[in-house]
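Notes follow the structure.
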Amino acid sequence: MGEHLVHIPEDIRHEFEVDVEGKGFASARATARLSGVTPSTLLDTREGSEGLLKRILIGKNLDDCLKPIAGFDYWVIGKIPDYVVACIITYYAKKGYKEAELVLASFAAIGIRTYIQKELHWQPSMQTWKLPQSYSEALRMLADEAEAHDETKAELAETKAELEEAQPKIALAENFIEKEELITFEIFAKDLNIGRNKFCRWLINKGYCYRKYKSIRAYSSHQRFFVTKPVTVVVEDKRVVLPGAYQTFMTTEGVEFFTYMLRNPEVREEIQATKVGSLTSDIPG
């Protein structure tokens, strides 16, 4: 069956992702490409426009194959679930779009989720948590974890001692940041008059990013919006990477994307109403 599949074009392959549960997602641009239409056909949100995602949101003039997915703003969500991609492609195939017909024929037999998994060569993770089967095994697992933790603490303590002895000037690589046209969450939030921690928490809640240790990282489908860099320090005029310390910045595309989103008063109100707790207060940036 593989030789009859219409494969995902290489130039948009990075706009698909499969999460740890095997669920597939695609960008609006990639969905439009597979449907044989222009991105504006889906994304046009201007007053008086009839972009398909807007019609899906308000439930206006929808074909039967689109009614099950009505009422959701997939533009704001930022990534389109596989079952929604299937509905949109089916809609355009029924309207006679050749590209959509070919893609629909490709995934009809195996399902859109399996189709995306196959195209991205995804395999289920084999690293599953193993429950201890006995008290002695539980103690051994605990000891292994404690040993790994002690090694990390020792490495960080040694680095801290070296920095204190040299009395270094702690600094991020500002020249590198300016060259890359990156911006911190703090500066972006200040410029847009929103809470920095609330914005970070909102990004996590909406599935753009996730928290890893004391940094915020972007999911693969949104890495064009964010860049994660190791934190560096200056010791005796030499720049040294601080072990285990990372900071995430917003790219120019990310600034433009989220600035556009924040023009929507509902999005801004949603961010301001986000509860922060202690999950984002210690994230650098």
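Brief remarks on what is shown
- 3J(HN,Hα) along region 79-90, derived from phi through the Karplus expression 6.51 cos²θ - 1.76 cosθ + 1.60 where θ = phi - 60°, amounts to 9, 9, x, 4, 5, 6, 4, 4, 5, 5, 5, 4 Hz, with x in place of Gly and Pro.
- HN-Hα J in Hz across region 30-35 - Karplus 6.51, -1.76, 1.60, θ = phi - 60°, x for Gly and Pro: 5, 4, 4, 4, 5, 8
- Sorting the segments 62-74, 261-273 by their residues' average number of neighbouring beta-carbon atoms within 10 angstrom, most packed first, yields 62-74, 261-273.
- Separation of region 249-270 and region 217-233, taken as the distance between their Cα centroids, equals 17 angstrom.
- Annotation: amide H of Q247 within the under-5 Å range of K229, V231, sequence separation 5 or more or interchain, hydrogens built in the peptide plane.
Quick note: the coordinates plus some simple rules give every number you see, no bench work behind them. Everything numeric here is computed off the predicted structure, so don't read it as measured data. A quick note on method: Cβ atoms are made from the backbone with ideal geometry, for glycine too, and the neighbour counts reach across all protein chains shown.
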